[in-house]
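Comments concern the structure below.
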Amino acid sequence: MDTSLVISGAIVLGAGGIFHLLENRIPLEKVDRSKFLKFDLVVVSIIAIVVAALTIWLLDGVVKEWLDSTIGGFDTLTSLPILARVSLALIIGDFGYYIVHRLMHTNVLWRTHVFHHSIQEIYWFSGLRTSALNSLFIRMPYLVALCLFSIPASILAIVAISLGVINFWVHSNLEVSLGPLNYILITPSFHRVHHSMAEEALNRNFGNILSCWDYMFKTAVKPTKYLNNSKKGFDVETNDVPRQMFGL
Ligand SMILES: [Zn+2]
Ligand SMILES: [Zn+2]
């Protein structure tokens, strides 16, 4: 097996372990992590394979063709220092994520996203419950932005690991505040509000890495104890699981 794949997997698992221990020490609310673990392990494994295949197919096909035909026009972007390229790609990709996530909360794409909103016990691992189409659509802005800035494969691996760890971070059951940085970066409590079924939290807090998009476009709701502890997630009928898993 590819060594870098094993190392990447070990880093992500290690990060998960750290979140697990931190959740034991500073939990935001009472969560039963074992309630849906078996279900999530099965669906996450199936979806991961489908998404990996679809991503490779898309990146090798449609997206690559488009990039090959347009990349010549972006010489200025690709000649920037690597740190600037990665930072810009992540900022642009994160803005794209915000837009796609907002679209997913409209009738057009809700079917692809509802599975993520069936999470009722939110902790570091639970955020991996997303439909195949959801995973594909929502990661596309990052992938396209990273390709536009010609980020080399070795750095792409680091970015992929970081995005995985960020998914653990935003869904973790942690009582953490970043002070004034709360207005720039997503915290676990900020994303927890996105999953709340409370009236004032519906269609709010769409960001993934940066919370500034929500504050700029007035879709931000500040986390409160009431919102963080409120009911989360829709029930999924067993016979509807396959459809929701694929996001069809
Ligand atoms: Zn959502
Ligand atoms: Zn989420």
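The values are calculated or read from the model by the stated rules, or taken from the named source; none is laboratory data. From a predicted model like this one, the values you see are computed outputs, not experimental measurements. Cβ atoms come from the backbone with ideal geometry, glycine included; neighbour counts cover every protein chain shown.
Please list, ordered by first then second residue, the pairs with beta carbon atoms under 9 Å, 6 or more apart or interchain, first in region 142-162 and over 24 Å from Leu13 (Cβ atoms) and part of a helix (DSSP H, G or I), second at pLDDT 90 or above and of a type outside the set (A, V, I, L, M, F, W, C).
So the pair list comes out as Val144/Gly93; Val144/Gly96; Ala145/Gly93; Ala145/Asp94; Ala145/Gly96.
Answer yes or no as to whether Gly207 is within 16 Å of ligand 1 (Cβ to nearest atom), over 21 Å from Val236 (Cβ atoms) and small (Gly, Ala, Ser).
Taking the combined requirement at face value, the residue satisfies it.
Within 15 Å of ligand 2 (Cβ to nearest atom), at pLDDT 90 or above and in contact with a strand residue (DSSP E or B) (Cβ under 7 Å, 6 or more places away or on another chain), is that true of Ile138?
When the stated conditions are applied, Ile138 does not pass them.
Go through (1) out of contact with any Gly (no Cβ under 6 Å at 6 or more places or on another chain); (2) within 16 Å of ligand 1 (Cβ to nearest atom) and name the single condition Asn167 misses.
Here Asn167 meets the rest and fails (1).
Could you tell me which residue of region 101-113 is nearest to His195 (Cα to Cα), considering only residues that are in contact with a helix residue (DSSP H, G or I) (Cβ under 6 Å, 6 or more places away or on another chain) and of a type outside the set (Ser, Thr, Tyr)?
Ranking the qualifying residues of region 101-113, first place goes to His113.
How about region 12-38: which of its residues are surrounded by fewer than 16 Cβ atoms within 10 Å (Cβ to Cβ), at pLDDT 90 or above and assigned to a helix (DSSP H, G or I)?
The answer is Gly14, Gly17, Ile18, Leu21, Asn24, Arg25, Leu37, Lys38.
Has region 179-193 got at least one residue that is surrounded by fewer than 22 Cβ atoms within 10 Å (Cβ to Cβ), hydrophobic (A, V, I, L, M, F, W, C), closer than 24 Å to Leu13 by Cα and away from ligand 1 (no atom under 16 Å from the Cβ)?
yes
Is it true that Ser45 is closer than 30 Å to Lys225 by Cβ and either part of a loop (DSSP other than H, G, I, E, B) or at pLDDT below 90 (or both)?
No; evaluated as a whole, the condition is false for this residue.
Go through region 76-122 and give me each residue that's touching a Phe, Trp or Tyr at 6+ places or on another chain (Cβ under 8 Å), more than 14 Å from ligand 1 (Cβ to nearest atom) and not charged (D, E, K, R).
The answer is Leu77, Thr78, Leu80, Val86, Leu88, Ala89, Leu90, Gly93, Phe95, Gly96, Gln120.
Has region 72-84 got any residue that is over 25 Å from His171 (Cα atoms), modelled with pLDDT of 80 or more, in a helix (DSSP H, G or I) and among the β-branched types (Val, Ile, Thr)?
yes
Tell me, yes or no, whether region 163-171 has at least one residue that is among the aliphatic types (A, V, I, L, M) and closer than 23 Å to Ala53 by Cβ.
The answer is yes, given that some residue of region 163-171 is among the aliphatic types (A, V, I, L, M) and closer than 23 Å to Ala53 by Cβ.
Looking at Tyr98, Tyr123 in this structure, which one is part of a helix (DSSP H, G or I), in contact with an Asp or Glu (Cβ under 9 Å, 6 or more places away or on another chain) and under 21 Å from Ser196 (Cβ atoms)?
Within the list Tyr98, Tyr123, the selection yields Tyr98.
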